[in-house]
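What follows draws every value from the coordinates through simple rules; no lab data is involved. This one's a predicted model, so the numbers in the text were calculated from it and none came from an experiment. Cβ: placed from backbone, ideal geometry, glycine included. Neighbour counts: every protein chain shown.
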Amino acid sequence: MSEIHITMAANGRIVVPSQVRAELGMEKGGGFVMTVDKGGTIHLEPLRNVIARVQDEVRGYISDDVDLVDELSVERRQEAADE
């Protein structure tokens, strides 16, 4: 992708050009996470990418034979029975 210069509007809004949105699969109304590194560089990442990255990290802590949904269901049923 080539370098594209953009300007911030008076109200603080920045428009991501349509060609960039199309190339990155950015959707209208989509959520994003913005981070600023120590050098002052702004990073904008689609929320779906952040969620996928965190899910991948969590999978590293859970063995393949564990089903968290089943475990949660069992716990909830037990809690309901104890009431």
What's the angle, to the nearest 10 degrees (0 to 90), between helix 47-59's Cα axis and the longest principal axis of the chain? 40 degrees
Mind sorting out which of (i) 13.1; (ii) 17.1; (iii) 13.8 is the real Kirkwood radius over Cα pairs in Å computed from the coordinates? (ii)
Can you tell me the orientation of helix 68-82 relative to the chain, as the angle in degrees between its alpha-carbon axis and the longest Cα principal axis, to the nearest 10? 50 degrees
The set of residues whose placed amide H lies less than 5 Å from the amide H of Phe32, leaving out same-chain residues fewer than 5 positions away, is Leu47
To the nearest 20 Debye, how big is the dipole of the chain about its Cα centre, given +1 on the beta carbon of each Lys and Arg and -1 on that of each Asp and Glu? 860 debye
In the range 32-51, whose amide N lies under 16 Å from the spot 7 Å out along Cα-to-Cβ of Leu72? List them in ranges. 51
Count charges around Ser18 for me, please; just the other residues with Cβ under 13 Å from its Cβ, Lys/Arg as +1, Asp/Glu as -1. 0
Hz values of 3J(HN,Hα) by residue in the range 16-29 - Karplus curve (6.51, -1.76, 1.60), Gly and Pro given as x: 7, x, 4, 5, 6, 4, 5, 5, 8, x, 6, 10, 4, x
